[in-house]
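The structure appears below as structure tokens.
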């Protein structure tokens, strides 16, 4: 296979004919917050209600999931928010899965002029980006999939790196993700939420973060469609908003991981076990060494943030 830039290779390997995410459901390959516990969907449902109230309870409340996998999150939100009956839209390149509730719209592009909550959970890390490295003369050049250096980085790469990632041995210029996020949210009114693993200017990884996953294991990224290809997201370059860890966000939305009193084990054994299981799931979602260190970026779109994000 001819060596390509990582951006070209990732686009083809993940989303081309027979690509990794066309053939594989994300839940079959790695564990995300959506799949880890229904508490995650419950927290987003509470957030959706706050947005609904802040918007004055509009007749139509949209919930758009960009990078929807197989629709698991929207299916759960539909159940949680049955009284609101939101218009649910999944944005995903893979074909519509069988058995998905009929009220979930399935499309390849983000709809225009939506009002409500737009969500992207672990989507941006799979938006293809290039990898760059400085050569022996200090020139920033693109890295090919075989590890060799290619042509000099372009003007967009250089401008983005100068502002957002000036110190590196190897890096992933994130402007394609910034652009994808702007395009996804530009026609939306309400709240836009990006959830992903990433970094900020204060803690950029010097050696970059490109990696691969397959069947739950971290592996070398392969541009042949056999692995997920992912890199951490520069969350602060996506635009202004409220940026906090998943741990802090879920705590504000009522996911605490607090264990039930031991006395309930004798007075209500079944209830105690259910609460204990929920506490374990909450602990996983909020683990600062795991899912809890994911970033949440909340951006208000024509809406007072203080009205939809309440302590």
Condition check for residue 210: under 21 Å from residue 21 (Cα atoms) and surrounded by fewer than 13 Cβ atoms within 10 Å (Cβ to Cβ):
no
Of all the strands (runs of 3 or more DSSP E) wholly in segment 104-222, which have at least 2 residues that are touching a residue at least 12 places away in the same chain (Cβ under 8 Å) and farther than 30 Å from residue 81 by Cβ?
132-134, 140-143, 149-152, 211-214
Give me a count of the residues in segment 57-67 that are assigned to a loop (DSSP other than H, G, I, E, B) and touching a helix residue (DSSP H, G or I) at 6+ places or on another chain (Cβ under 6 Å).
1
Test each condition in (1) under 30 Å from residue 14 (Cα atoms); (2) not in a helix (DSSP H, G or I) for residue 236 and report the one that comes out false.
(2)
I need every pair where a residue in segment 57-72 that is on the phi < 0 side of the Ramachandran plot and touching a residue at least 60 places away in the same chain (Cβ under 8 Å) has its Cβ under 6 Å from the Cβ of a residue that is assigned to a loop (DSSP other than H, G, I, E, B) and crowded, with 22+ Cβ neighbours inside 10 Å, sequence separation at least 6 or different chains.
66/123
Residues of segment 18-56 being more than 19 Å from residue 212 (Cα to Cα) and either free of Cβ contacts under 8 Å to residues at least 24 places away in the same chain or not in a helix (DSSP H, G or I) (or both), in sequence order, are 37, 55, 56
Search segment 59-83 for residues being modelled with pLDDT of 95 or more and over 23 Å from residue 109 (Cβ atoms), and hand back the single one that is surrounded by the fewest Cβ atoms within 10 Å (Cβ to Cβ).
83
Residue 93 being touching a helix residue (DSSP H, G or I) at 6+ places or on another chain (Cβ under 7 Å), within 15 Å of residue 253 (Cβ to Cβ) and either crowded, with 19+ Cβ neighbours inside 10 Å or modelled with pLDDT under 95 (or both):
no
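Can you tell me which residue within segment 82-100, out of those that are over 21 Å from residue 21 (Cα atoms) and part of a loop (DSSP other than H, G, I, E, B), is nearest to the chain's Cα centre (by Cα)? Show your work before the answer.
Here is the first cut: in segment 82-100, the residues over 21 Å from residue 21 (Cα atoms) are 82-88.
Of the ones still in play, those that are also part of a loop (DSSP other than H, G, I, E, B) are 82-86.
Numbers: 82: 24, 83: 27, 84: 25, 85: 24, 86: 21 Å.
Per the criteria, the residue is 86.
The values are calculated or read from the model by the stated rules, or taken from the named source; none is laboratory data. Everything numeric in this text was worked out from a predicted model, so none of it was measured. Glycine gets a Cβ as well: all are built from the backbone with ideal geometry, and neighbour counts include every protein chain shown.
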